[in-house]
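Peer 1: Have a look at this one.
The values are calculated or read from the model by the stated rules, or taken from the named source; none is laboratory data. Everything numeric in this text was worked out from a predicted model, so none of it was measured. Please note: Cβ atoms are built from the backbone with ideal geometry, for glycine as well, and neighbour counts cover all protein chains shown.
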Amino acid sequence: MNTSFADLILNISVTGQLIRLELGTLVSKTDTEGNHQFETISTQQIVMPLEGFVRGFSTQEAIIKKLIENGVLTVNEESTSQSEPLVS
């Protein structure tokens, strides 16, 4: 089995019965003024059938619930936009 690392999912697209997950990593860059910034770079893509994606989503949901129960994550009740995380 191959192991791959990704910092985040950059995009999810649906093509018929296939789901495409575009994964990426964060790369630290220094601009001309010496300020550090992070840039996301697309590194790989996972393509899977819709049924497998839905099954995987329910597995992820169960893990998130368990992490909240164990205090590893906390729910952000004040989150009102998609750019703010629901958990932290």
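Peer 1: Among (1) in contact with a strand residue (DSSP E or B) (Cβ under 7 Å, 6 or more places away or on another chain); (2) over 19 Å from Thr3 (Cα atoms); (3) not acidic (Asp, Glu), there is one condition Gly34 misses while meeting the rest; what is its number?
Peer 2: Against the list (1) in contact with a strand residue (DSSP E or B) (Cβ under 7 Å, 6 or more places away or on another chain); (2) over 19 Å from Thr3 (Cα atoms); (3) not acidic (Asp, Glu), Gly34 comes up short only on (1).
Peer 1: Would it be correct to say that Ser28 is closer than 24 Å to Thr3 by Cα and either out of contact with any His (no Cβ under 6 Å at 6 or more places or on another chain) or at pLDDT below 90 (or both)? Steps first, answer last, please.
Peer 2: On the way: closer than 24 Å to Thr3 by Cα: yes; either out of contact with any His (no Cβ under 6 Å at 6 or more places or on another chain) or at pLDDT below 90 (or both): no.
No.
Peer 1: Pull up the range 37-68, narrow it to residues that are under 14 Å from the mean Cα position of the chain (by Cα) and among the hydroxyl-bearing types (Ser, Thr, Tyr), then point me to the one that is farthest from Asn2 (Cα to Cα).
Peer 2: Thr40
Peer 1: Checking Met48 against (1) part of a strand (DSSP E or B); (2) modelled with pLDDT under 95; (3) aliphatic (A, V, I, L, M), only one condition comes out false. Which one?
Peer 2: Result: Met48 fails condition (2) only.
Peer 1: Hey, any hits in the range 66-86 for a residue that's under 24 Å from Glu22 (Cα atoms), of a type in the set (A, V, I, L, M, F, W, C), at pLDDT below 95 and not in a helix (DSSP H, G or I)?
Peer 2: yes
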